[in-house]
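To keep things clear, I will list the structure first and then write my remarks on it.
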Amino acid sequence: MGNIIVPETFDLDELQLRRPRLADLNAIYEYASDLSVAKYMDWPVETSIEALGKRLRQRVVLWDSGEEYYWVMAVKGNDYVIGGISLQIRTTSAEIGYLLNKKYWNHGYMSKSARIILEWAFTLPKLYRVWATCDRENVASIRVLEKIGMQREGLLGKYLIRPNLSEIPRDAYLYARVRE
């Protein structure tokens, strides 16, 4: 996409999306190590804070290379990190992904955060499509994707292994929103 300017922060009413810091490691570990949070992820539940720290440092490299942009969701006032959201831009399309501490489920935080990232993504002149996949049984994620205006495009049979659920690939829905 060339040299795009990526906002390091987005301000919402009660949250700020910002680039992560190593000081966020314990808060991120709190939800990344929670099986109920990581249940539908395509990576194993986190069991090592050291490995998580390494991945957090790798996010700087990915951001700087333009491969993936990742913001943590921090509560305004105390700056406590409750989740994360990422955008991987691939020429004319981008994939969005997210994760939220279960203590903050059902407050609309993920929908608001995903919506602002989606809106920003469509300000990029060469980006025409933002997409996501989610496990067929992940009702909460389906609800978020639909709330932010994404449309279900299909079912991807035996699409991806969800290691916290099964060693056999699971069905996933493909959602997308395209620039009109």
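The values are calculated or read from the model by the stated rules, or taken from the named source; none is laboratory data. Just so you know, these numbers come straight off a predicted model, no measurement behind them. Cβ atoms come from the backbone with ideal geometry, glycine included; neighbour counts cover every protein chain shown.
A few comments on the model shown:
- Among the residues of region 136-169, those that are small (G, A, S) and not in a helix (DSSP H, G or I) comprise G149, G154, G157, S166.
- Reported count of residues in region 56-88, each being in a helix (DSSP H, G or I) and crowded, with 17+ Cβ neighbours inside 10 Å, is 3.
- All told, G2 meets the bar of being on the phi > 0 side of the Ramachandran plot and at pLDDT below 95.
- Residues satisfying the stated conditions in region 38-55, i.e. in a loop (DSSP other than H, G, I, E, B) and within 14 Å of the chain's Cα centre (by Cα): Y40, M41, D42, W43
- Checked against the criterion of being within 21 Å of K39 (Cβ to Cβ) and not polar (S, T, N, Q), region 112-123 contains one or more residues that satisfy it.
- Members of region 143-180 found to be touching a Phe, Trp or Tyr at 6+ places or on another chain (Cβ under 8 Å), among the aliphatic types (A, V, I, L, M) and surrounded by 13 or more Cβ atoms within 10 Å (Cβ to Cβ), listed by number: V144, L145, M150, L156, L165, A172, L174, A176, V178
- Residues of region 113-141 satisfying the condition of being closer than 21 Å to Y173 by Cα and either in contact with an Asp or Glu (Cβ under 9 Å, 6 or more places away or on another chain) or among the basic types (K, R) (or both): R115, R129, V130, W131, A132, T133, D135, R136, E137, S141
- In region 1-37, the residues that are part of a helix (DSSP H, G or I), in contact (Cβ under 8 Å) with a residue 12 or more places away in the chain and of a type outside the set (S, T, N, Q): L22, D24, L25, A27, I28, Y29, E30, Y31, A32, L35, V37
- Count of region 22-53 residues which are touching a Pro at 6+ places or on another chain (Cβ under 9 Å) and loosely packed, with under 14 Cβ neighbours inside 10 Å: 2
- Considering R129, R115, R90, the condition of being among the charged types (D, E, K, R), at pLDDT 95 or above and out of contact with any helix residue (DSSP H, G or I) (no Cβ under 9 Å at 6 or more places or on another chain) is satisfied by R129 alone.
- Considering residues of region 100-126 that are buried (at least 16 other Cβ atoms within 10 Å of the Cβ) and of a type in the set (K, R) only, the residue farthest from P7 (Cα to Cα): K112
- Matching option when the condition is of a type outside the set (V, I, T), touching an Asp or Glu at 6+ places or on another chain (Cβ under 7 Å), at pLDDT 95 or above and closer than 27 Å to P163 by Cβ, among Y31, Y104, Y40, Y109: Y40
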